[in-house]
Structure formats: C-alpha cells, structure tokens
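See structure below.
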C-alpha cells in the first residue's frame, strides 16, 4: 500500500471515530458564536476536532493541520490535513440528518486524499488523487450530460445575512430554469451528492477551505467540474458535470 493510500485509510478511520462520537448527542448545549449570531459551534464541534487532531498527531506528528475550530499547526512533513469536524452544525444542533465530517489531506501538489462521512445517512465518500471516487466502497460518477431545464440543483446560504441578498440573485436567475432546488445543510455533503448523482449540480458562495477540500476532490474524481471564482465580491463555487457546469455558469448573472 502506498503512503497516500495509507493516509486515506487513516482519514477514513478517524472520520468514522468522529462520527461515533457525534452520534452520542448531548443532553444540553454549550453554544459559541462565530462569524455572526446565527453561525454557531457546539461543544461537540470542538470535541470532534480534538479527537481528529489527536488521532492525526498520534499517527503522524510532523503533519500540519488546518481546522475550522482553530486547531492549526504548521507542517514539517510536507503534508497538511484540512478538517471540518462538523459540516452542517445547524443540522446537528437541531437533530436533522445530513451533517458530515470532512477530512482532506494535501501536499505541495494539492489535495490527494479526501473523506466525507455522514453517519446519519450511512454514507462515506472517499477519493484519492487519480484513483476515482467511492460511496461506501462503490465507485461513483456524476450525472452527465444534463440539461439545465432538467437539472436538480443544491445550494446553501451565508450566515452573513447581508450576503444572502446577493445569493438570492443567483436563485432568482436559476429557479425558473431548473427542475428544482434542494437545501441539504452541509456543503461537503452537497458536493458529494453531485459526485454520486443524487443531485445534478451545486452552487454556493463563501465556502472555506475546510468546507470544500475533501468534497472537491471526490467530485472531480467522479467526473465533475468544480470551480471557485470571484462573483460580486464573493467566492462562488459551482460543481456539476461538464455540460451542466457550462449552462449554470452562463445562467448566473454577471
């Protein structure tokens, strides 16, 4: 087994351990605000990140870490882990399904391993650079070709309420032209749904590296195009098969 495959297996093991921890929901909540009053973290976000970081450093003490909840450290090995301990915290807090744990691993050439684990939907996505994408060990591919007027899209909305006015411009432009729109609650899971063909495409503004890193590799290895570009002062991410990607990009107003 190559070093990259060993790291992917380690990421899978750690993601599942974090999932087991998170499935034991607390009786009460300790909430902290992040970017806005509606952007929250729970004590379980922090507990999950601690479990993930401790497991990584026990196995690979020289690796770097970029974590949503602040567990950052520089790499001396050339390898850095990018982790979101609970992607979809609002879902998790309310007891809704679909939240996930996202773990990506990168080197100087980009992300080479990615895992997104969604315990409540019994879904574990994984990918390696050049090795394809898998859902629960079954190889997956995105839907392609898909016409815009037959497309099921997914999206999410910013915690900065003022940014939602800009995002609504995209929704207003696309909604009359597509089959329907879904709001799952986890960006990582949304992008993995594109990879699996559970939705045809995805768009969202304001994603951070920990939201995107693992799922982007999974989607690309499943044949999707994933691109982030500047739009109205925001980073706009679009993910879809090649035909639909071009149609979504053209339909979004400049």
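Please treat every number below as a calculation from the coordinates, not as lab data. None of these values were measured; they are calculated from a predicted model. We place every Cβ from the backbone using ideal geometry, glycine too, and count neighbours over all the protein chains shown.
Once the gyration tensor of the Cα atoms in segment 135-178 is diagonalised, the equivalent ellipsoid follows with semi-axes of 27, 18, 5 Å, ordered largest first. Normalised Debye scattering of segment 55-153 at q = 0.12 Å⁻¹ gives log10 I(q)/I(0) of -0.52, counting only Cα atoms as equal scatterers and leaving out solvent. The mean sequence separation of alpha-carbon pairs under 8 Å and at least six residues apart, normalised by the residue count of the chain, gives a relative contact order of 17 percent. Full extension of the chain between residue 138 and residue 23 gives 39.0 nm of extra length, using 0.36 nm per residue less the Cα-Cα distance. Enter the angle in degrees (range 0 to 90, nearest 10) between the Cα long axis of helix 43-59 and the first principal axis of the Cα atoms of the chain, meaning the one along which they spread out most. Roughly 60 degrees, rounded to the nearest 10.
Helix 3-23 and the longest principal axis of the C-alpha atoms of the chain enclose an angle of approximately 90°. Rg and Dmax of segment 100-211, based on Cα coordinates, read 15.0, 42 Å. The reciprocal of the average 1/r between distinct C-alpha atoms defines the Kirkwood hydrodynamic radius, which for segment 148-251 equals 13.4 Å. Between residue 208 and residue 122, the simple label model (points 7 Å from Cα in the Cβ direction) yields a spacing of 3.2 nm.
Rounded to 0.05, the FRET efficiency of the residue 147 and residue 90 pair, given R0 = 35 Å and the Cβ-Cβ distance, is 0.60.
Let me know the whole percent of all Cα-Cα pairs from the chain that are separated by more than 35 Å. Value for the chain (Cα pairs over 35 Å): 11 percent. Taking square-rooted eigenvalues a ≥ b ≥ c of the alpha carbon gyration tensor, is segment 1-93 rounded, prolate or oblate, where a/c under 1.5 means rounded and, failing that, a/b exceeding b/c means prolate? Cα axes put segment 1-93 in the prolate bin. Tilt of helix 161-174 relative to the longest C-alpha principal axis of the chain, in degrees (0 to 90, nearest 10)? Once rounded, one gets 50 degrees. The packing ranking, built from the mean of other Cβ atoms within 10 Å per residue, places the peptides 206-217, 14-25, 113-124 in the order 206-217, 113-124, 14-25, highest first.
On a full-extension model of 0.36 nm per residue, what is the gain between residue 73 and residue 235, subtracting their alpha-carbon distance, rounded to one decimal in nm?
Extra length available between residue 73 and residue 235 comes to 55.8 nm.
Based on every Cα atom in segment 180-238, Rg and the maximum pairwise Cα distance Dmax equal 10.7, 30 Å.
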